[in-house]
């Protein structure tokens, strides 16, 4: 087991926390193997009904793979160690993509490269005002890997091609707009959200709304997420440039989109949820 991955169980939830803050939780081979071993153990454990993935501390969710290791391997051992790393990483990506139980990834911070690979397979992908999402591999001559060749082409319009070719960075609201995130939650509410999920006791209470009904890119919901970001005076490397993100909504709802919350609380902290199916899911989770 890697000391750079913390593994816990809370109630009916397995919990994976990346713990390599000095490298923004960039993945190593041992981290990938530890995560795969835990997921395989929980897969057939009837006591575990969902898996949470986050980072233990620091400002990044996961900045990617260990590029320094791969470079050293190319120079020193003919790429043997590099190939072993990618084997472990891609095996983990595939395991998450085919995992039979719901996975919730909290993309609270830098989510790039390998971080995309462990968050996009999740059925629930939670962005915050701290999210900074990108596939920057193109800048070093690498194709978008870790499953991005499947995820990016399925984004609306030409968003995926734009991200792959430019390495553009998206903030949390833009991730919600693009469909890379299924939900947006202010970072100060994450701990309570995780506790709520872990406390769900009845089997299959955590489930996904039908894909045909889920619209994470709803413009009204995205504008609400952007309003939360603006309210907190969040600065990002790139401003929100989408037409759908121009200015906050002028009222409690935008374009008729309902705004409900995973957590009870003041209206300002309510999270934009795309539709009634999502609202029903959260009501069921809250019990």
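Read-outs: derived from the displayed coordinates by stated rules, not from any lab. Just so we're clear, the structure is a prediction, and the values are computed from it rather than from any experiment. Using ideal geometry, Cβ is built from the backbone for each residue, glycine included, and neighbour counts are taken over all protein chains shown.
Per-residue Cβ neighbour counts within 10 Å put 188, 49, 33 in the sequence 188, 33, 49, beginning with the fewest.
Normalised radius of gyration (Cα atoms, divided by 2.2 N^0.38 Å) for the range 19-86: 1.33.
Give me the Kirkwood hydrodynamic radius of the range 152-197 in Å, from all C-alpha pairs, to one decimal place?
On the way: mean 1/r = 0.0828 Å⁻¹.
The Cα-based Kirkwood calculation yields 12.1 Å.
Over what distance in Å are the Cα centres of the range 126-202 and the range 3-25 separated? Taking the Cα centre of the range 3-25 as reference, the centre of the range 126-202 is 19 Å away. Arranged from fewest to most other beta-carbon atoms within 10 Å of their beta carbon, 86, 133, 143 become 143, 86, 133. Protection proxy ranking, highest mean first, for peptides 68-79, 163-174: 163-174, 68-79, where packing is the per-residue count of other beta-carbon atoms within 10 Å, averaged.
With a cut-off of 18 Å on the backbone N, the residues of the range 17-45 near the modelled label site 7 Å out from residue 77 along Cα-Cβ are 27-34. Under the simplified labelling scheme, the residue 139-residue 45 pair shows an inter-label distance of 3.8 nm, with each label point 7 Å from Cα along Cα→Cβ.
Take every Cα pair under 8 Å whose residues are at least 6 apart in sequence, average their separation, divide by the length of the range 5-184, and the relative contact order is 19 percent.
Can you sort 111, 128, 28 from fewest to most other Cβ atoms within 10 Å of each residue's own Cβ?
Numbers: 111 37, 128 27, 28 20.
Fewest to most other Cβ atoms nearby, the residues stand as 28, 128, 111.
Rg over Rh for the range 5-184 works out to 0.95, both radii taken from alpha-carbon positions and Rh defined as the Kirkwood radius.
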